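We did not get these values from a lab; they are worked out from the coordinates using the rules stated. Nothing here was measured: the structure is a model prediction, and the numbers come from that model. Because the Cβ atoms are built from the backbone with ideal geometry, glycine has one as well, and the counts that use them run over all protein chains shown.
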Amino acid sequence: MGAPHDGRGDESLAVAKPQVKTALDSARPSFTERFIAWWEGYELATGRPAPMGTAAIHDVRYAQASEHWETARLRLAQQVWGEGFIGPGGEEQILSMIKLFGLDPAMSVLDLGASLGAATRCMSDKFGVWVSGLESDPQLTEAGMALSTKAGMAKKAPIQLFDPGTFDLKPNSVDCVFSKEFLFTVADKQKFLKAVENLLKSRGQFLFTDYMLGENHKAGPTFDKWLKHEPRTPHPWSVNDYREALSKLHLDIRVVDDNTDAFHKSVIAAWADYIQAIRSRGVDDETAAALVDEVELWTRRMQLIENGDLRICRIHALKKDTKRLMSNW
């Protein structure tokens, strides 16, 4: 997520609130309905049980109170999702995902769309590997590198700026490539995936999660609004699009998972906890403005997920043994 997204205007959290349904109206309240309920201090009967007591909020502090890269939006995102994260996941999920890699200190890893670098640092810290995080947004790159430096990991887990359109690294140089909800922002995926295949060593691994088009996706106003207001213009593919593209490369798909339900629950839980935590103390004007933008961003995403237009899927692929292929040829 990059530059601040537009569309805020003079809106506030109280503007254009949809009519909240009762438990009899719907078996599954939408994200918008849940959020309004949490904000106003109650929980819909069919939703997540309201937290009791004071919910914990992620405490994100820095040595200096006002680093120039530390925007209200980045502070808010990390309070919702955890330090170094601007979306669902957390260290536990990252570690669960990368079990497939079987990492050891002799391996090299590339994190594409590294954002603030939480996954980059997690992999390096837990497994002693050298991980290079590449991020296409200048603001996130600078912030992510600052966080790696703060953690004493500037060399082992650097975050560097890159251009997905001209992405081309040394061939056969990386053991594993990781990416989390980033590829949907890449316009020329065919070229990008070819570059990934090229840089992987023989038997190298490619693991990514992404927003993917649902089987019954249909274009419409809600989808168009999402396309228009995402921080970076989306170019989403379906699972079958990825299957077809990867099959044309030396990449053998080993795992395809649909993680949409878990992703949805994670978003609901994180926002419920955040609202519970701030309700009693409130937020300053700068945070309130960022909060409006962030809620609108996640409302648009969750509407498409709840409608079935978007799915959150994971794909794990293995680069075929190119040496064997050449000898057979």
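So here's what we get for this one:
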item	result
5 angstrom amide H check on residue 321, placed H, neighbours 5+ away	203
Residues 274, 211 arranged by fewest to most Cβ contacts within 10 Å	274, 211
Karplus 3J(HN,Hα) series, Hz, for segment 174-181 with 6.51 cos²θ - 1.76 cosθ + 1.60 (x for Gly, Pro)	10, 7, 9, 10, 10, 8, 10, 6
Förster radius 56 Å - calculated FRET efficiency between residue 215 and residue 142, Cβ distance, rounded to 0.05	0.90
Segment 241-315 and segment 163-240: distance between their alpha carbon centers, rounded to Å	16 Å
Residue-span extension gain [residue 191 to residue 126] - 0.36 nm each, minus C-alpha spacing	20.2 nm
Long-range amide H partners of residue 177 with built H, under 5 Å	110, 205, 206, 207
Two-decimal Rg/Rh across segment 31-328, once Rg and the Kirkwood Rh are taken from alpha-carbon atoms	0.97
Residue order, fewest to most beta carbons within 10 Å, for 120, 71, 209	71, 209, 120
Extension gain from residue 224 to residue 285, taking 0.36 nm per residue of separation minus the Cα-Cα distance	19.0 nm
Förster radius 25 Å - calculated FRET efficiency between residue 256 and residue 321, Cβ distance, rounded to 0.05	0.70
Segment 31-328: relative contact order in percent, alpha carbon pairs under 8 Å with at least 6 residues between	22 percent
Rounded to 5, the percent of DSSP beta bridges in segment 31-328 classed as antiparallel	45 percent
Proximal charge balance of residue 227 [Cβ under 12 Å; K/R count +1, D/E count -1]	+2
Theoretical gain in end-to-end length, residue 168 to residue 235 [0.36 nm per residue, Cα-Cα removed]	22.1 nm
Over 26 Å (Cα to Cα) - which of 126/155; 189/265; 126/180; 155/189; 99/319; 99/265 fall in this group	189/265; 155/189
